[in-house]
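The values are calculated or read from the model by the stated rules, or taken from the named source; none is laboratory data. For clarity, every value in this text was computed on a predicted model and none was experimentally measured. All Cβ positions, glycine included, derive from the backbone under ideal geometry; neighbour counts span all protein chains shown.
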Number of protein chains: 2
Amino acid sequence: MTPPPDDTLDEIRLDAAASDPAALKWMVGAPPPSERLIRFGDSSFARFPRTRWSFAHMRQLMPTSVVPREDAPVVALPRRDRDDLEAVIFQTLGSRIRMTWAESLAANFTDGVLVLHRGHIVYERYFGVLTPHTQHIAFSVTKSFVATLAAVLIHEGVLDEHATIASYLPELADGGYADATIRQLLDMTAGIDYVEDYTDDTSSIWSLSRAGGFRPRPSGYSGPDTFYDYVQTLQKASGHGERFAYKTVNTDTLGWVLRRVTGRTVSELLRHYFWSRLGVEQDAYFTVDSTGVEFAGGGLNLTLRDMARFGEMMRLGGRVNGQQIVPAIVIDDISHGGNHDHFALAGYALLPGWSYRTMWWVTHNDHGAYTARGIHGQGIYVDPVAEMVIARFASHPLGANANLDPTSLPAYHALAQHLMAFDC
Amino acid sequence: MTPPPDDTLDEIRLDAAASDPAALKWMVGAPPPSERLIRFGDSSFARFPRTRWSFAHMRQLMPTSVVPREDAPVVALPRRDRDDLEAVIFQTLGSRIRMTWAESLAANFTDGVLVLHRGHIVYERYFGVLTPHTQHIAFSVTKSFVATLAAVLIHEGVLDEHATIASYLPELADGGYADATIRQLLDMTAGIDYVEDYTDDTSSIWSLSRAGGFRPRPSGYSGPDTFYDYVQTLQKASGHGERFAYKTVNTDTLGWVLRRVTGRTVSELLRHYFWSRLGVEQDAYFTVDSTGVEFAGGGLNLTLRDMARFGEMMRLGGRVNGQQIVPAIVIDDISHGGNHDHFALAGYALLPGWSYRTMWWVTHNDHGAYTARGIHGQGIYVDPVAEMVIARFASHPLGANANLDPTSLPAYHALAQHLMAFDC
């Protein structure tokens, strides 16, 4: 979601206060004047600072499919507010500036953040146009939902992690994915010819987005028409299973497999396995392509509290509200992480010693924390030792976690230490 | 929503059982084979029998804005099932065939129907792909929601029913609506040059739909880009306030006025006045144009139970769940009906003696029934004497109530008489 070249540097330089979408009155007016209008077709929705409004209004910009709450009982999150968290101090990564938790929220263009400690809401804040009842796009946090679902299906024997993609999707028998395994998709080690560079307009991620209806198409567009069409264009670049390389399309291919194997859409699967059992407050929804296929790699929209509920379920070993929603062994496997050598080859300077497993990022820190991460600052951070879960939505102007990690990862760890030290 | 010319007569002739969207497996498959695919861009979504699926999946086909339930408490509708209703017999209008209530449901391609008697659910059935938790498009029943809202604002003094459209929307000072009044919009007596003929591809309703993103645009389209752009193209055809002439665009113009006067979107107004107070179970949503403007004339999607709740609120004089949601005087005014001479000029052969008031259809029968009506069989039928409310969603292949009235209106009245005679 990098701003297109026609954005001015002035706009990019707006800070959180100056880019407050409520203050900028996006879409206010009858009709809004052109300078306050946000549309899909002209790509304005994808440009900062408009993103601070768009990310909380995706359904108004494109077609979506619902992950319905139906009539499942809401399980309220108990509240024990801890205003003392505001003043918790940490040192930023790299530059080692001292910053408070409260200051970090603006630094990260936070739209909403919620901290659970031992299952209680100890901190919850909303900024701009986000509310407790409003869905925000989770971007790649979506992957962790979809892959956890896949891991449940593997545990149930519905899916074989060692089987090849072509064994499920014969359409890909001649493509780059043919001999990759489900596990290689889950751990992002498929050696597919696909580049995820948000700063390059010709990067594969934008071709995927145009195919999937997530970006407008230029006039005369003759590229792939759907997510599945796009997946079929991909060739092999290197051996599978050799290194971690983050590629959103892996999750869309996984979503295709899940749908083929179960006969149900990804939305229906999320409803069945998670949304009907987590005690959620609101529907979630996926952006979809022109044939109704969910953007499994990044299109999930949900409320902050419901995202936190998913994290809390993970923290509790899969058991919440009297039900084992995800087998404990599945969560153990995720929290123990993936192949360190494979991860190191990707060269994430800010994430030394980390690994990636089943589309979760594993810190291997002394708290055993692991996290779901989405572009522009979306995240779920699970700290088992501190019994803490953080859920965050954000709309940082730049599309890379490297811009957010310095003011996020140490802040999360400082909160964890504070909560362990000062138990109110 | 008349089927385009490329539909075969065979498809149009499918009955309710043969067109069952679950049996036809629309959108089933990974991906669905082309013959089961339903898309927006090729207009397939608008063709029967695909409509039996599309009408319950509008959000998957186009952008939408939410009318959120938020955390308003759900007020459950108490249940007292009355299976005896199935066998209630009535005579169809015109041909005077004897038919049972149960038979009428198939005759009308009913997707869902709910009967409330004294506030209890006495009958509730779903067909095809509709469920109690699924929103269905209400088409012109939308108008009754929006106009009732307008009537509340008139009562509150926010809006003046005698003021002209141009006094609120100076943009229309040179157009056909300039000297029409709010009341003339509400009662559909604005003499605007606009034709609502669903069987004619060149009819104004399709131009409105293309402008509002409710129908795909042909390549090279250079017509109006939004609902508001379209409204500004309209000229005057005759004097205002002289006769009833049903024109969907009147409600979209009304929606524009409401937004201008209140500074809030139609979705926000519906949330504030109705959705936060009716005890609804689910979010509702509007289809929107490319600038986020709601299709006020026909784009509301909601669940059957929530539509029934709105009807029950009307039946109870505006007071439900301990709150006066709509002033009783507003509902009195609606139920007493509009100008009979104006209505008679429209020549509805099946609706003798009826009138139209504030976008409700008033029967003036001996029960004082009035109804909200939408194309393809959507409806709310309020019978004050029988203390009965019926809500119905349907997907009749033909787009005119004249095709549904013969097997609907006498069926509703027969149910009312039965419920009064046999009080269980």
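You will find that of B:G241, B:G255, the residue that is assigned to a loop (DSSP other than H, G, I, E, B) and small (G, A, S) is B:G241 and no other. Considered as a group, the residues in the stretch A:218-269 that are within 10 Å of another protein chain (Cβ to nearest Cβ) and closer than 12 Å to A:L185 by Cβ include one that is surrounded by the most Cβ atoms within 10 Å (Cβ to Cβ), and that residue is A:G255.
Every residue, every condition in (1) within 14 Å of chain B (Cβ to nearest Cβ); (2) touching a Pro at 6+ places or on another chain (Cβ under 9 Å); (3) within 30 Å of A:L409 (Cα to Cα), yes or no:
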position: A:L85; (1), (2), (3): no, no, yes
position: A:G94; (1), (2), (3): no, yes, yes
position: A:R118; (1), (2), (3): no, no, yes
position: A:V129; (1), (2), (3): yes, yes, yes
position: A:H136; (1), (2), (3): yes, no, yes
position: A:A151; (1), (2), (3): no, yes, yes
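Scanning the stretch B:30-42 finds no residues that are of a type in the set (D, E), over 27 Å from B:S19 (Cβ atoms) and surrounded by fewer than 18 Cβ atoms within 10 Å (Cβ to Cβ).
Among the residues of the stretch B:384-403, those identified as touching a strand residue (DSSP E or B) at 6+ places or on another chain (Cβ under 8 Å), in contact (Cβ under 8 Å) with a residue 60 or more places away in the chain and over 16 Å from B:R52 (Cα atoms) are B:A386, B:E387, B:M388, B:V389, B:I390, B:A391.
Could you go through the stretch B:185-205 and let me know if any residue there is within 16 Å of B:A150 (Cβ to Cβ) and either within 14 Å of chain A (Cβ to nearest Cβ) or polar (S, T, N, Q) (or both). Yes, the stretch B:185-205 contains at least one residue that is within 16 Å of B:A150 (Cβ to Cβ) and either within 14 Å of chain A (Cβ to nearest Cβ) or polar (S, T, N, Q) (or both).
Taking the conditions (1) within 14 Å of chain A (Cβ to nearest Cβ); (2) of a type in the set (A, V, I, L, M); (3) crowded, with 18+ Cβ neighbours inside 10 Å in turn, B:V74 satisfies each one other than (3). Of all residues in the stretch B:379-390, those satisfying the criterion of being crowded, with 22+ Cβ neighbours inside 10 Å and either out of contact with any Asp or Glu (no Cβ under 9 Å at 6 or more places or on another chain) or of a type in the set (D, E) (or both) are B:G379, B:I380, B:Y381, B:D383, B:A386, B:M388.
Note on the stretch A:176-217: residues that are surrounded by 21 or more Cβ atoms within 10 Å (Cβ to Cβ) and modelled with pLDDT under 95 amount to 1. Scanning the stretch A:105-122 for residues that are closer than 20 Å to A:A421 by Cα and crowded, with 23+ Cβ neighbours inside 10 Å turns up A:L114, A:V115, A:L116, A:H117. Scanning the stretch A:404-424 for residues that are under 19 Å from A:G377 (Cα atoms), of a type outside the set (D, E, K, R) and in contact (Cβ under 8 Å) with a residue 60 or more places away in the chain turns up A:L404, A:P406, A:T407, A:S408, A:L409, A:P410, A:A411, A:H413, A:A414, A:L415.
A quick yes/no check of all residues on (1) buried (at least 20 other Cβ atoms within 10 Å of the Cβ); (2) at pLDDT 95 or above; (3) in contact with a Ser or Thr (Cβ under 7 Å, 6 or more places away or on another chain):
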position: B:W53; (1), (2), (3): yes, yes, no
position: B:M62; (1), (2), (3): yes, yes, yes
position: B:S65; (1), (2), (3): yes, yes, yes
position: B:R79; (1), (2), (3): no, yes, no
position: B:A87; (1), (2), (3): no, yes, yes
position: B:E103; (1), (2), (3): no, yes, no
position: B:G128; (1), (2), (3): yes, yes, no
position: B:H155; (1), (2), (3): no, yes, no
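A:Y273 meets each of the listed conditions (1) away from chain B (no Cβ under 14 Å); (2) surrounded by 23 or more Cβ atoms within 10 Å (Cβ to Cβ); (3) in contact with a Leu (Cβ under 6 Å, 6 or more places away or on another chain) apart from (2).
Assigned to a helix (DSSP H, G or I), surrounded by fewer than 24 Cβ atoms within 10 Å (Cβ to Cβ) and at pLDDT 95 or above - does that describe any residue in the stretch B:281-303?
No: the stretch B:281-303 contains no residue that is assigned to a helix (DSSP H, G or I), surrounded by fewer than 24 Cβ atoms within 10 Å (Cβ to Cβ) and at pLDDT 95 or above.
Is it the case that the stretch A:27-44 has a residue that's more than 20 Å from the chain's Cα centre (by Cα) and more than 14 Å from chain B (Cβ to nearest Cβ)? No, every residue in the stretch A:27-44 fails to be more than 20 Å from the chain's Cα centre (by Cα) and more than 14 Å from chain B (Cβ to nearest Cβ). Residues of the stretch B:139-184 that are part of a loop (DSSP other than H, G, I, E, B) and among the β-branched types (V, I, T): B:V158 alone. Do we find a residue being crowded, with 22+ Cβ neighbours inside 10 Å, in contact with a Phe, Trp or Tyr (Cβ under 6 Å, 6 or more places away or on another chain) and under 30 Å from A:A211 (Cβ atoms) anywhere in the stretch A:336-343? Taking every residue of the stretch A:336-343 in turn, at least one turns out to be crowded, with 22+ Cβ neighbours inside 10 Å, in contact with a Phe, Trp or Tyr (Cβ under 6 Å, 6 or more places away or on another chain) and under 30 Å from A:A211 (Cβ atoms). Within the stretch B:16-26, being within 14 Å of another protein chain (Cβ to nearest Cβ) and free of Cβ contacts under 8 Å to residues at least 12 places away in the same chain holds for one residue alone: B:K25. Residues in the stretch A:141-152 that are surrounded by 20 or more Cβ atoms within 10 Å (Cβ to Cβ) and under 17 Å from A:W256 (Cα atoms): A:T142, A:K143, A:S144, A:F145, A:V146, A:A147, A:T148, A:L149, A:A150, A:A151. Evaluation of A:R69 against the conditions (1) under 25 Å from A:F310 (Cα atoms); (2) within 11 Å of chain B (Cβ to nearest Cβ); (3) over 23 Å from the mean Cα position of the chain (by Cα) shows that the sole unmet condition is (3). Here B:D306 meets the list (1) over 19 Å from A:D71 (Cβ atoms); (2) in contact (Cβ under 8 Å) with a residue 12 or more places away in the chain; (3) out of contact with any Lys or Arg (no Cβ under 8 Å at 6 or more places or on another chain) almost entirely, failing just condition (1). In the stretch B:53-65, is there at least one residue being touching a strand residue (DSSP E or B) at 6+ places or on another chain (Cβ under 7 Å) and more than 12 Å from chain A (Cβ to nearest Cβ)? Scanning the stretch B:53-65 turns up at least one residue that is touching a strand residue (DSSP E or B) at 6+ places or on another chain (Cβ under 7 Å) and more than 12 Å from chain A (Cβ to nearest Cβ). Can you tell me which residues in the stretch A:217-246 are among the basic types (K, R) and closer than 29 Å to A:A344 by Cα? Scanning the stretch A:217-246 gives A:K236, A:R243. Just one of (1) closer than 13 Å to B:G241 by Cα; (2) touching a Leu at 6+ places or on another chain (Cβ under 9 Å); (3) not hydroxyl-bearing (S, T, Y) fails for B:F214. It is (1).
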